[in-house]
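Step one of this worksheet: look at the structure below.
The values are calculated or read from the model by the stated rules, or taken from the named source; none is laboratory data. Quantities reported herein were computed from a predicted structural model and do not represent experimental measurements. Note that we place each Cβ from the backbone using ideal geometry, even for glycine, and neighbour counts take in every protein chain shown.
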Amino acid sequence: MAIFAVHYTYGPAKAAMRDQHRALHREWLSEEFKAGNVLMTGPYPDGSGALILVRGTDLDEAEVFIANDPFNAHQAIDGVRVVEWTQVYGPFTD
C-alpha cells in the first residue's frame, strides 16, 4: 500500500466549528490509527493546519477515506491537499 500525506489548512473563520467537532475528529483518528489506516497525525504548532499520513491503494481511495474525517465531513477545514508520499528512511517501510 502507498502512503499519502494529507495536509489540512485551518483559518480563523472555522475555529469554532473545529472546536465543536474536535472530539469526534480525534476519536475517528484514534480508531483509524488502531486499524492501521492512519500512520501519524498532528497539528502544525502555528495553528495553520495539520498533517495526517494515511495508507491507501491509490489517490482516489485516500481522498474517499479522508472525506470521512468529521472535520472534513462538517466542513471545519479551509483546505485539503492529498499527495502520495515516498518514504526513504523511517518506520513505515514494508
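Give me the pairs: first residue in the stretch 57-75 and in contact (Cβ under 8 Å) with a residue 24 or more places away in the chain, second residue of a type in the set (S, T, N, Q) and assigned to a helix (DSSP H, G or I), beta-carbon distance under 9 Å, and six or more apart or on different chains, which are they? The qualifying pairs are Ile66/Asn72; His74/Gln20.
May I ask you to list the residues in the stretch 79-93 that are β-branched (Val, Ile, Thr) and either part of a loop (DSSP other than H, G, I, E, B) or closer than 18 Å to Asp19 by Cβ (or both)? Those that are β-branched (Val, Ile, Thr) and either part of a loop (DSSP other than H, G, I, E, B) or closer than 18 Å to Asp19 by Cβ (or both): Thr86, Val88, Thr93. Summed over the stretch 72-85, residues that are touching a strand residue (DSSP E or B) at 6+ places or on another chain (Cβ under 7 Å), at pLDDT 95 or above and either closer than 20 Å to Leu24 by Cβ or exposed (fewer than 13 other Cβ atoms within 10 Å of the Cβ) (or both) total 7.
Of the residues making up the stretch 4-32, those that are surrounded by fewer than 18 Cβ atoms within 10 Å (Cβ to Cβ) and closer than 21 Å to Thr86 by Cβ are Ala5, His7.
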